[in-house]
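Data block below; observations after.
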Amino acid sequence: MSEEKAQGPASYFPSIEKKYGHPVAHWFSLLEGMTHLKHMEMVNWLKTEHNLGHGHASALVAYFRSKNNL
């Protein structure tokens, strides 16, 4: 049986973990304190405060918001 390849925002997770040295759970725990912000505000916060690239920040936020019904 072959392993199913991640699609959508989750497809970025391996490169995010490799580039920034933290598991995605780390980023999700940080985002839990930012649920009062809109999508792009969360993306910009990750970019500004944690130096994530736009695509990586956007993937984390999109996945986080979809799993938390935000």
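The values are calculated or read from the model by the stated rules, or taken from the named source; none is laboratory data. Nothing here was measured: the structure is a model prediction, and the numbers come from that model. Ideal geometry is used to build each Cβ from the backbone, glycine not excepted, and the neighbour counts take in all protein chains shown.
Name the single residue, out of those in segment 1-32 being at pLDDT 95 or above and part of a loop (DSSP other than H, G, I, E, B), that is surrounded by the fewest Cβ atoms within 10 Å (Cβ to Cβ). Only one residue tops the list, namely Gly21.
In segment 33-50, which residue that is in a loop (DSSP other than H, G, I, E, B) and not charged (D, E, K, R) is surrounded by the fewest Cβ atoms within 10 Å (Cβ to Cβ)?
Of segment 33-50, the ones in a loop (DSSP other than H, G, I, E, B) are 35-38.
Of the ones still in play, those that are also not charged (D, E, K, R) are 35-37.
Details: Thr35: 11, His36: 8, Leu37: 15.
Only one residue tops the list, namely His36.
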